[in-house]
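The block underneath contains the structure these notes are about, expressed in structure tokens.
The values are calculated or read from the model by the stated rules, or taken from the named source; none is laboratory data. All of these numbers come straight from a predicted model, not from anything done at the bench. Virtual Cβ from ideal backbone geometry, glycine too; neighbours counted across all protein chains shown.
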Amino acid sequence: MTLMKSLMGAAAAMALTAGAALAEPALIFDLGGKFDKSFNEAAFGGAQRWAEETGETFREIELQSEAQREQALRRFAEVGANPIVMAGFAFADALGQVAADYPDTKFVIIDMVVDAPNVRSVVFNEHEGSYLVGMMAAQASKTGTVGFIGGMDIPLIRKFACGYAQGVLAANPDAKIIANMTGTTPAAWNDPVKGSELTKAQISQGADVVYAAAGGTGVGVLQTAADEGILSIGVDSNQNHLHPGKVLTSMMKRVDNAVFAAFTDGADMETGFNVMGLANGGVGYALDENNASLVSAEMQASVDAASAKIASGELVVHDYMSDDSCPALNF
């Protein structure tokens, strides 16, 4: 009997070990889809890089509706996925409902803070990266008027806009900044037609550089800017290649690094609050063969100098979300 018990115990231990080895991480994309060429695609890039480097696999799902958020989290937790990473602030309520029910599962939410012992919250200093591309926009503009087109009108996107406006005015105190949001519902992340309309409206007001922080909607902004002969600025992923020679730069938000780190850390990851900014490579601007001809040595030097000052704390960019205000934009 003792021998049988000990054999059963060994078998159980082996089964648990096998289960742990087979535990896959999971990634849930926000509305707008995995291939939005922006935020979600950056998240996918990080997961894909992890899979290529490790030879491991991961689970994933693209949401079709708001109602699927909690359902997807529970489904992955039930099958033992660990950690479960969700791309987007809108998962906060669902995660708040789910995390306590699966204390042995680690969750990672990007762009929002959820205070729970098994949650890693990753946020970015988007205002810092946006400041840099704002400086570039002001220096590249010939009309002195630049634009910003956001997706859903939420504090996070105002944070992008506010940082951008500060950078523009730092490079050209007399510049005019036109800012529009696409909408007030999640549909604003995936409306390239509306993005195109807003771009044309800003061009009619004199804008010759437009920064899009609008997910899939931004694809329409960049396309129309290229068609109309003005410069655009991409966001989240490096979007310079979408229209070579017509995208001034892209504000890189290293969502890929956040996902890669979470998958690499696995079920043993440290939870808590993570901030990714200029000081730790969380944000920056993209310079490659697609935009090299648009960025002069002087522009690059001034932006790099500002970047170093922000990273060291010598220059502080106002964060809209700290007090819901933006003196540089008056909204």
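All of (1) at pLDDT below 95; (2) out of contact with any Gly (no Cβ under 7 Å at 6 or more places or on another chain); (3) crowded, with 19+ Cβ neighbours inside 10 Å hold for ALA187 with one exception: (3). If we scan segment 305-326, do we find a residue that is under 18 Å from the mean Cα position of the chain (by Cα) and either of a type outside the set (Asp, Glu) or closer than 25 Å to THR143 by Cα (or both)? The answer is yes; a qualifying residue exists.
Taken across segment 166-181, residues that are surrounded by 19 or more Cβ atoms within 10 Å (Cβ to Cβ) and either charged (D, E, K, R) or over 16 Å from LEU329 (Cα atoms) (or both) do not occur at all.
Can you pull out every residue in segment 266-285 that is farther than 18 Å from ALA308 by Cβ and of a type in the set (Gly, Ala, Ser)? If the condition is that a residue be farther than 18 Å from ALA308 by Cβ and of a type in the set (Gly, Ala, Ser), then GLY266, ALA267, GLY272 are the ones that fit. For segment 263-312, residues that are touching a Ser or Thr at 6+ places or on another chain (Cβ under 6 Å) and of a type in the set (Ser, Thr, Tyr) total 1.
Among the candidates VAL303, VAL316, VAL295, the residue that is in a helix (DSSP H, G or I) and touching a helix residue (DSSP H, G or I) at 6+ places or on another chain (Cβ under 9 Å) is uniquely VAL303. VAL295 falls short on exactly one of the conditions (1) out of contact with any strand residue (DSSP E or B) (no Cβ under 9 Å at 6 or more places or on another chain); (2) touching a residue at least 12 places away in the same chain (Cβ under 8 Å); (3) over 30 Å from ILE109 (Cα atoms), and that condition is (1).
Among residues of segment 43-61 that are over 20 Å from GLY80 (Cβ atoms), none has a beta-carbon under 6 Å from a residue that is surrounded by 16 or more Cβ atoms within 10 Å (Cβ to Cβ) and among the polar types (S, T, N, Q) at least six positions away or on a different chain.
Remark: pairs (first residue in segment 189-200, more than 25 Å from PHE89 (Cα to Cα); second residue of a type in the set (A, V, I, L, M, F, W, C) and outside any helix (DSSP H, G or I); Cβ separation under 8 Å; 6+ apart in sequence or on different chains) = THR199/ILE149; THR199/VAL210.
THR224 - would you say it is buried (at least 16 other Cβ atoms within 10 Å of the Cβ) and either of a type in the set (A, V, I, L, M) or at pLDDT 95 or above (or both)? Considered against the rule, which asks whether it is buried (at least 16 other Cβ atoms within 10 Å of the Cβ) and either of a type in the set (A, V, I, L, M) or at pLDDT 95 or above (or both), THR224 comes out as yes. At pLDDT 95 or above, in contact with an Asp or Glu (Cβ under 7 Å, 6 or more places away or on another chain) and more than 15 Å from SER232 (Cβ to Cβ): is that true of GLY167 in this structure? No: the conditions fail for GLY167.
One residue stands out in segment 319-330 among those that are in a loop (DSSP other than H, G, I, E, B) and out of contact with any Leu (no Cβ under 9 Å at 6 or more places or on another chain): the one that is farthest from THR145 (Cα to Cα), namely ASP324. Do we find that VAL219 is surrounded by fewer than 24 Cβ atoms within 10 Å (Cβ to Cβ), under 18 Å from the mean Cα position of the chain (by Cα) and among the aliphatic types (A, V, I, L, M) in this structure? Answer is yes for this residue.
Elements of the type helices (runs of 4 or more DSSP H) sitting completely within segment 1-86 and holding at least 3 residues that are modelled with pLDDT under 95 and among the hydrophobic types (A, V, I, L, M, F, W, C): these cover 2-22.
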